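Take a look at the structure below.
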Amino acid sequence: MKYSEITYCKLSALCFRLLKRNMLFLLLILTVTEAFAQQGTSGFRKTDSLTYALYINRQWDQLIDEAEKAVAQGTDYYYLRMRLGIAWYEKQNYRAALPNFEKALKFNDNDQTALQYLYYSYLLSGRVPDAQKILPRLLSPPDAKHATGFSMAPDEVYIEGGPSFPANKEIASNKKNHHANDSLYNAETLFQTYSYVHTGIRFRLLPAVTTYQGYGNVNAPFTQKIRYENNRTENFNHHTLQNEYYGNVVGALPKGFLLTSAWHFLWYKQKNLTATFDSANNTLTLDTVQNKGNDYVLFLSAAKNFRLFEVSLDGSFGTFNKIKKAQLGVSVVYYPFGNLNLYTRTSLINTWQNQIYDLIFEQMIGGKLAGHLWIEGSFTYGNLNNYAENSAFVVYNGPEKINYKFESVLIFDMNKHLEFSLRYRMLQRESEYFYFLDTENYDIVTTKYLFHSLIGGIKWRL
C-alpha cells in the first residue's frame, strides 16, 4: 500500500473505535435518562392520581400531607397547588391556603377560580387591602364598583361615640386625712363625665390604596375645688372643648407588605383658675386664664405578612403642649389557626419626651365568639401620657398621668354592609391634691383612680 492508503486505513480504524465508544456512552446516557423520565412520569402520575382521588373524596388532611410531600420533592403544577390550596381553605386555614393559590396563578395567571379563592382567602384571613388589590383581575368581582384607575369612591362610613366617667369617690375617700381643713390653701381638679363623638369616611383611591378622613369632638367638663384659710370650699366649673381631625392612607404592596401613614391634629381650649398668694399682704388672688393650644401626631408603619404572623414596625412623632414626643415600636400578630377565629397581638413601644424614656407593653387577644360576633381584650402597661395608639387614631393628651389601660370590645358583623361595636375602656389615672400648710411649706398628694369609657360604633360599608 501507499503511504496515504495506510494512513487512511489507520485513521478509519481509529474513527471506528471512537465512534463505537461514543455510541456506547450515548446509549448509556439515553438509557439512564429514559429510566429517570419513566420514574418521573410514574411519580407525577401517582401524585396526580392520588391527590385527585383524595380531593374528590374530600380527605383534606391526607391530601395536604401527600401534596406538600410532593412539592417538597420537586413536583409542582397548577392542579396540585389548587387541590392543596382548596384543602387548606376547607379546613379554614386561609393563611396556609394563600401561597398555594398565589403559586397556582403563576402557572395560569388569569384563572378565575384561583383568583376567587385567593380573594376570599385574603378577606377571611384579615388581609383586606390585599383582597381589594386583586378585584380588578376578576371578571365578575364581588364588588363591581372598584375600578382599576384612580378614584375617590366612598368605601365605608364610620360613627362612634359615648361617655367617659371618673370614679371621683375614690379621690374623696383617699384625701380625708390630708389636712383638708387645717391647711392654709388647698386645691384640686376633678374631671366629670364627658362626651366624645367621631365620624369619618373611607375612600378607595386605587384597588390597593385607601384613605380615611374623620372629625372628632370632645366636651370635657371639670371642677376646680379651692379652699383658703378655713373658708368654705368653692367649686369653679369649666369645660375643655377639643376638636380633632384624623386621616390615614393604607396601601398594600407586593409580597405581603402593608404601608400605613396617618396624622392626627387636635385643637383645644379651656378656662381655668390660677391662684397667686401675696405673703406680704396675706391675700390670695384668683385669676381666670384662657388656655388654647393644638397638638399633633404623625405616624408611619410598615408591616409584613407571613404564613401565620404579621410583623410591623411603627413610629410616630408629635407635639403636646409644645413639648415634642416620639414613639418607636414593634408588633407581632399571630393567627394560630390561619383565620380570625383566634389571634393575638404583642407590642413593645419605646417613647421619649424631654430625654425621659418609657417602655410600654401591650397584649391583645381576640377571636370569634359565635356566628358573626367577635370579642377582643387588651392590656397596656406604661406611662401613657401623650401616647398614640391604633395608628394614631387614639391619642391620650389629657393633663393627668395614666399608668395602665384595660380595654375590651364586642364586634357584631351583621351583614356585608353593617357592623356594630361596643368598646369598654378603663384607665388608671392619677389625681393631684395640692395644699399649703403655711406660706412656705406645701405638699402634693397623688391619688390613683379609675376612669371609664363606653364607646359605641356603627360602620356602614357602601
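Rule-based calculations on the coordinates, nothing more; no lab input. Worth saying up front: this structure is predicted, and the values here are computed from it rather than measured. Using ideal geometry, Cβ is built from the backbone for each residue, glycine included, and neighbour counts are taken over all protein chains shown.
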Margin query: Please report the net charge: other residues with Cβ closer than 10 Å to the Cβ of S421, K and R +1, D and E -1.
Written below: -2
Next item on the list: Would you mind classifying the range 260-380 by shape? Square roots of the alpha carbon gyration tensor eigenvalues, ordered a ≥ b ≥ c; an a/c under 1.5 is rounded, otherwise it is prolate if a/b is larger than b/c and oblate if not.
Entry: prolate
Check: With point charges of +1 on the Cβ of Lys and Arg and -1 on the Cβ of Asp and Glu, referenced to the Cα centre of the range 153-461, which listed residue (V445, T260, F406) lies farthest in the positive direction of the dipole?
Finding: T260
Item checked: Global size of the range 387-434 as Cα Rg and Dmax, reported in angstrom -> 15.2, 54
Notebook entry, point to check: Going by a ≥ b ≥ c, the root eigenvalues of the Cα gyration tensor, does the range 153-461 fall in the rounded group (a/c under 1.5), the prolate group (a/b larger than b/c) or the oblate group?
Noted result: prolate
Next item on the list: Excluding residues on the same chain fewer than 8 positions from K325, give the aspartates and glutamates whose Cα lies under 16 Å from its Cα.
Entry: D295, D314, D358, E389
Check: Once you list every other residue whose beta carbon is under 15 Å from the beta carbon of Y296, what net charge do they have if Lys and Arg are +1 and Asp and Glu are -1?
Finding: +2
Notebook entry, point to check: Taking 0.36 nm per residue of separation and subtracting the Cα-Cα distance, what length does fully extending E170 through M426 add?
Noted result: 90.7 nm
Item checked: Total formal charge among the other residues, if their Cβ is under 13 angstrom from that of N350, Lys/Arg +1 and Asp/Glu -1 -> -2
Next item on the list: Of the listed pairs K255/K405; K255/K324; K91/K405; K69/K304; K169/K322, which have alpha-carbon separations greater than 31 Å here?
Entry: K255/K405; K255/K324; K91/K405; K169/K322
Check: Among P221, N321, N390, whose Cα sits farthest toward the positive end of the charge dipole of the range 153-461 (+1 at Cβ of Lys/Arg, -1 at Cβ of Asp/Glu, about the Cα centre)?
Finding: N390
Note to self: Quick check: from the Cα gyration tensor, does the range 356-462 come out rounded (a/c under 1.5), prolate or oblate?
What the structure shows: prolate
